[in-house]
Amino acid sequence: MTDNAEEYTKLIEAVIRRAGLDPGECYNEEQQCWQFAKGSADIFITLIEITGEYYVNIAAPVMAAPRSRREEFFQRLLEENGQRIAVKFSLRDDVVWLEINREIKGLGFDEAMRSLVRVAEVTDELDQVLVNEYGDDWDG
């Protein structure tokens, strides 16, 4: 791990501590990310290195993509993306995620904390609304 990665890890761990959690207990060695629950949101924080540059991804699974009314559902997500600040919906393996991706260089503690809170709050706000409206076959 380079000095920068160690510095960035310390920042992420400080944010997790401020959220009232032990970063060591939250670290998922197999997935190489920190994982914990805030409200109804299961939060995943990943430090990613791509060609020497580091990025942070703060993400929460929202629900399985519905099998019916998909066009309407994805239209709704695109509209939500347009109304939200910093967060975006994405799709991985037919699971809808809410996430923030950012280059970690220059990221300060306050912005990192706001990013975590934003992902948790928006997921809390919309997960059950979307499940109630479109259904959910996912047990995650």
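The values are calculated or read from the model by the stated rules, or taken from the named source; none is laboratory data. Predicted model only: the values in this text are computed from it and were never measured. Note that we place each Cβ from the backbone using ideal geometry, even for glycine, and neighbour counts take in every protein chain shown. To get the accessible areas, we keep the full protein, side chains included, count just its heavy atoms, and leave off ligands, DNA and RNA. Shrake-Rupley method; radii C 1.70, N 1.55, O 1.52, S 1.80 Å.
Among residues of segment 79-92 that are touching a residue at least 12 places away in the same chain (Cβ under 8 Å), those with a Cβ under 7 angstrom from a residue that is charged (D, E, K, R) and open to solvent by 60 Å² or more (accessible area, probe 1.4 Å), sequence gap 6+ or separate chain, pair up as Ala86/Arg118; Val87/Arg118. Within segment 120-131, no residue that is over 14 Å from Asp42 (Cβ atoms) and among the hydroxyl-bearing types (Ser, Thr, Tyr) sits with its Cβ atom under 6 Å from a residue that is open to solvent by 70 Å² or more (accessible area, probe 1.4 Å) and assigned to a helix (DSSP H, G or I) at 6+ positions apart or across chains.
This table checks each residue for (1) under 13 Å from the mean Cα position of the chain (by Cα); (2) open to solvent by 30 Å² or more (accessible area, probe 1.4 Å); (3) not hydroxyl-bearing (Ser, Thr, Tyr).
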residue	(1), (2), (3)
Glu7	no, yes, yes
Tyr27	no, yes, no
Glu30	no, yes, yes
Cys33	yes, no, yes
Asp42	yes, yes, yes
Leu47	yes, yes, yes
Gly52	no, yes, yes
Val56	yes, no, yes
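Of the residues examined, Arg114 is one that is charged (D, E, K, R), free of Cβ contacts under 8 Å to residues at least 40 places away in the same chain, out of contact with any Ser or Thr (no Cβ under 7 Å at 6 or more places or on another chain) and surrounded by 13 or more Cβ atoms within 10 Å (Cβ to Cβ). Does Leu107 meet the test of being among the hydrophobic types (A, V, I, L, M, F, W, C), open to solvent by less than 50 Å² (accessible area, probe 1.4 Å) and assigned to a loop (DSSP other than H, G, I, E, B)? Here the answer is yes, as Leu107 does meet what is asked.
Annotation for segment 85-98: at least one member residue is of a type in the set (Lys, Arg), in contact with a Leu (Cβ under 9 Å, 6 or more places away or on another chain) and under 17 Å from Arg118 (Cα atoms). Between Arg118, Arg67, the distinction of being of a type in the set (D, E, K, R), closer than 30 Å to Glu133 by Cα and not in a helix (DSSP H, G or I) belongs to Arg67 only.
Take the conditions (1) without any contact (Cβ under 8 Å) to a residue 60 or more places away in the chain; (2) under 16 Å from the mean Cα position of the chain (by Cα); (3) open to solvent by 10 Å² or more (accessible area, probe 1.4 Å); Val96 misses just one of them, which is (3). Flag set for Leu91, criterion: in a strand (DSSP E or B) and open to solvent by 70 Å² or more (accessible area, probe 1.4 Å).
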